[in-house]
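Only one structure is covered here, and it is reproduced in the block below.
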Number of protein chains: 2
Amino acid sequence: MRVTFLGTGGAGGVPRFGCTCLACQRAKGNHRHVRRPCSALIEDGNHKILLDAGLMDLHDRFEPGELSAIVLTHYHPDHVQGLLHLRWGKGESIPVYGPPDPGGFTDLFKHPGILDIFDLSAFGALELGDFILTPLPLNHSKLTFGYAIAHRNGARFAYLTDTLGLPQVTDDFLSRWRPSHIAVDCSHPPADVSGKTPQNHNDVTAALAMIERSGAEQGWLTHLGHETDCWLMANASALPKNVTPAADGLSFDITTSHSPT
Amino acid sequence: MRVTFLGTGGAGGVPRFGCTCLACQRAKGNHRHVRRPCSALIEDGNHKILLDAGLMDLHDRFEPGELSAIVLTHYHPDHVQGLLHLRWGKGESIPVYGPPDPGGFTDLFKHPGILDIFDLSAFGALELGDFILTPLPLNHSKLTFGYAIAHRNGARFAYLTDTLGLPQVTDDFLSRWRPSHIAVDCSHPPADVSGKTPQNHNDVTAALAMIERSGAEQGWLTHLGHETDCWLMANASALPKNVTPAADGLSFDITTSHSPT
Ligand SMILES: [Mn+2]
Ligand SMILES: [Mn+2]
Ligand SMILES: [Mn+2]
Ligand SMILES: [Mn+2]
Ligand SMILES: [Zn+2]
Ligand SMILES: [Zn+2]
């Protein structure tokens, strides 16, 4: 299983329009530090699955027929806005799976165009080729699923954003499931530094706790805000060795599953 | 007054994702034929006003403070979707004016971020620097205003999309007002060729009738679909001499008003 972070930013991204903080200045000067809407591509040579659709150039990035499916964590604009344009394509339809959110997003359900939109249910596994995705309830301001993504070859990856900590049922599931890699919401710098109590999204402290508790070999921080980037610039060595801030375009392969103990 | 068409496409744009028609093939091969979401920039050296916000890279195209205002025709996604990201900027707020549509667009009214959103009313003039914009009711599937845009130097430009024909009150206004340039919705090829009765948007026939009735010296076709482009490719000489299909990036200056007769 190959995972590519296509976007690793929170709503507003990095650089943030009009912001002059160090992280935003750095991103303006070097595109490697730009963070676009949070999303990832999962592939195995046979299938490509897009996790979240907030990138607004999906119609330019992908060829017709290239994506086997789009899987949504939730219907906040920064995770679905790219579908507003993509839907008006022609030809082969694209299956889109997401949480059962009757409000959905603007007029997407009324005018789905080439999108075939399906509701998932918590813990109801979705099979796509050799992938099995299990929707996991998260703690967010809108009905949101993380995904436990297994491949028949044994690779296991958990993708958990947007969330602040985890509901007990999801925590229980992950303790048994044991991902080898995990990507988690890390929107905010540590609350004890910022003085802001996290709401709806992890701060660095909550993100690191989630990674450690999962027992994953490797943790990835995603959905990073510009203030998190500023904190990381000043505290580069504060992260555990097995935790890495994700970056737009960064890929990694998961070849084997974490051996259950 | 300088007018620049930033986008001249209908919903879905040209090329349309997955389409292989002649117009879409041409646009894939030559970026000059690409049509992005319908929008225009009006400027006079002191102020820049953006008409519609469907372009999804507004945060990259404009510097903070560059736009004096954004003026919306209506809250369909292809005319406002770029605000979903832009709103999360920092610093100086951007005034946004649009029709009084309580539903608006997704969570934009609830979380406007740096946008200050104001309702306009039909025929209630909006003054921005030396510009005076008069909202004109249009015929569309959602509450929609066209704009009669006057400059204190006498230049007059009417921007009328999305619409199928005009309500009597707007037609009456334009007959008296006499724009020198007019840009009109031209989403579809002529109905007698396509066999499809136009709905909510002009076909070529309705667009040409609207331009002729306005008495404008110069008419521009905008909000063009790929099927309209195909028709234009085959019927290049079918348009009157004073009517030109707009193109993304095309600019023109209006230096004097049309002399009223
Ligand atoms: Mn988000
Ligand atoms: Mn969210
Ligand atoms: Mn439109
Ligand atoms: Mn419309
Ligand atoms: Zn910043
Ligand atoms: Zn086409």
Within segment A:19-128, report the GluC sites (Glu not before Pro) that DSSP leaves as loop and that have at most 14 other Cβ atoms within 10 Å.
-> A:GLU66, A:GLU92
Using label points projected 7 Å from each Cα along Cα→Cβ, tell me how many nm separate A:GLU127 and A:GLN199, to one decimal.
-> 4.4
Shortest-first distances to equivalent copies, position B:PHE109, nm, label 7 Å out along Cβ = 1.9
Karplus 3J(HN,Hα) series, Hz, for segment B:244-252 with 6.51 cos²θ - 1.76 cosθ + 1.60 (x for Gly, Pro) = 10, x, 5, 9, 4, x, 5, 10, 8
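With a cut-off of at most 13 other beta carbons within 10 Å, and DSSP calling the residue loop, which trypsin sites (Lys or Arg not before Pro) in segment B:167-249 qualify? Please list them. Could you put the intermediate results ahead of the total?
Details: sites: B:ARG176, B:LYS196, B:ARG213, B:LYS241; in loops: B:LYS196, B:LYS241.
Hits after loop and neighbour filter: B:LYS196, B:LYS241.
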What are the residues whose amide H is under 5 Å from the amide H of A:LEU120, where those residues sit 5 or more places off or on another chain and H is modelled from the backbone?
-> A:GLY98
Sum of side-chain charges, B:LEU84 neighbourhood, beta-carbon under 10 Å (Lys, Arg +1; Asp, Glu -1) | -1
Non-local residues with an amide H under 5 Å from the amide H of A:GLY10, with H modelled 1.01 Å from N and Pro and chain starts lacking one, are A:LEU224, A:GLY225
For segment B:2-253, build the charge dipole from Cβ charges (+1 Lys, Arg; -1 Asp, Glu) around the Cα centre, then report which of B:GLY249, B:CYS24, B:GLN81 sits farthest towards its positive end.
-> B:CYS24
Karplus-derived HN-Hα couplings along segment B:4-16 (A = 6.51, B = -1.76, C = 1.60, θ = phi - 60°), whole Hz, x at Gly and Pro | 10, 6, 8, x, 9, x, x, 4, x, x, 10, x, 7
Segment B:36-101 pair-distance distribution - Cα-Cα, 10 Å bins, rounded % = 21, 60, 19, 0
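Among DSSP beta bridges whose residues both lie in segment B:2-253, state the antiparallel percentage, nearest 5.
Values: 27 of 52 bridges.
Percent antiparallel among DSSP bridges in segment B:2-253 is about 50.
Quick one: in chain B, what % of C-alpha pairs are over 30 Å apart? Write out the running numbers ahead of the final one.
Numbers: 7720 of 33930 pairs.
Pairs farther apart than 30 Å: 23 percent.
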Inter-chain Cβ neighbour average for residues B:131-137, partner chain, 10 Å | 0
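Length gain on complete extension for the stretch B:VAL169 to B:LYS110, per 0.36 nm per residue less the alpha carbon to alpha carbon distance? Don't skip to the end; give the middle numbers.
Details: separation 59, 0.36 × 59 = 21.24 nm, distance 3.29 nm.
Between B:VAL169 and B:LYS110, full extension yields 18.0 nm more.
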Name the most mobile residue of B:CYS186, B:CYS19, B:CYS230, meaning the one with the largest mean-square fluctuation, in a Gaussian network model of chain B with Cα contacts below 10 Å.
-> B:CYS19
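What's the long-distance tail for segment B:69-141, i.e. % of Cα pairs beyond 18 Å?
On the way: 1014 of 2628 pairs.
Pairs farther apart than 18 Å: 39 percent.
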Under a point-charge model restricted to the Cβ atoms of Lys and Arg (+1) and Asp and Glu (-1), what is the dipole moment magnitude of the protein assembly as shown relative to its Cα centre, in debye to the nearest 20?
-> 520
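Within 10 Å of each Cβ in A:75-82, how many Cβ atoms from other chains are there, averaged over the peptide? Don't jump to the answer; show the numbers that get you there.
Details: counts 1, 4, 11, 3, 0, 2, 7, 2.
The mean count of partner-chain Cβ atoms within 10 Å per residue comes to 4.
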Enter the mean number of other protein chain beta carbons within 10 Å of the beta carbon of each residue in A:17-29, as an integer.
-> 3
Once phi for every residue in segment A:146-159 is put through the Karplus expression 6.51 cos²θ - 1.76 cosθ + 1.60 (θ = phi - 60°), the whole-Hz ³J(HN,Hα) values, with Gly and Pro written as x, are x, 9, 8, 10, 10, 10, 4, 7, x, 5, 9, 9, 10, 10
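Report the antiparallel proportion of the DSSP beta bridges in segment A:129-240 as a percent, rounded to a multiple of 5. Walk me through the numbers before you get to the answer.
Numbers: 11 of 21 bridges.
Roughly 50 percent of the DSSP beta bridges within segment A:129-240 come out antiparallel.
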Springs between alpha-carbon atoms under 10 Å, Gaussian network over chain A: tell me which of A:VAL71, A:VAL193, A:VAL96 tops the mean-square fluctuations.
-> A:VAL193
What's the FRET efficiency of B:THR256 with B:ARG32 using the Cβ-Cβ distance as r and R₀ = 45 Å, to the nearest 0.05?
-> 0.95
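What Kirkwood Rh does the protein assembly as shown have if only Cα atoms enter the pairwise 1/r average? Answer in Å. It would help to have the intermediate numbers written out before the result.
Numbers: mean 1/r = 0.0409 Å⁻¹.
Evaluated on the protein assembly as shown, it is 24.4 Å.
Please give me the summed charge of the neighbours of A:LEU55: other residues whose Cβ is under 12 Å from its Cβ, Lys and Arg +1, Asp and Glu -1.
Details: positive: A:ARG35, A:ARG36, A:ARG61; negative: A:ASP52, A:ASP57, A:ASP60, A:ASP78, A:ASP248, B:ASP57.
Within the 12 Å Cβ shell, the charges total -3.
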Among A:GLY103, A:ASN139, A:PHE5, the residue whose Cα sits farthest towards the positive end of the charge dipole of chain A, when +1 is placed on the Cβ of each Lys and Arg and -1 on the Cβ of each Asp and Glu, is A:PHE5
Distances in nm from B:ALA209 to the matching label points in the other copies, shortest first (labels 7 Å along Cα to Cβ) = 6.7
Charges only on Cβ, +1 for Lys and Arg, -1 for Asp and Glu: so what's the dipole of chain A about the Cα centre, in debye to the nearest 20?
-> 440
DSSP-defined beta bridges in the protein assembly as shown - what % are antiparallel, rounded to 5 | 50
Can you list residues whose amide H is under 5 Å from B:TRP220's amide H, if they're 5+ apart or on another chain and H is modeled 1.01 Å from N?
-> B:ILE182, B:ALA183, B:VAL184, B:THR244
Chain A residue with Cβ closest to the axis mapping A onto B, distance in whole Å = A:MET56, 2
Would you work out which of A:SER214, A:PRO240, A:MET56 lies farthest towards the positive end of the dipole of chain A, given +1 charges on the beta-carbon of Lys and Arg and -1 on that of Asp and Glu, about the Cα centre?
-> A:PRO240
How about segment B:44-129: which trypsin sites (Lys or Arg not before Pro) there lie in a loop by DSSP and see at most 14 other Cβ atoms within 10 Å?
-> B:LYS110
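None of the figures in this text is laboratory data; all of them are computed from the coordinates on show. Quick caveat, the model's predicted, so the values are computed rather than measured. Glycine gets a Cβ as well: all are built from the backbone with ideal geometry, and neighbour counts include every protein chain shown.
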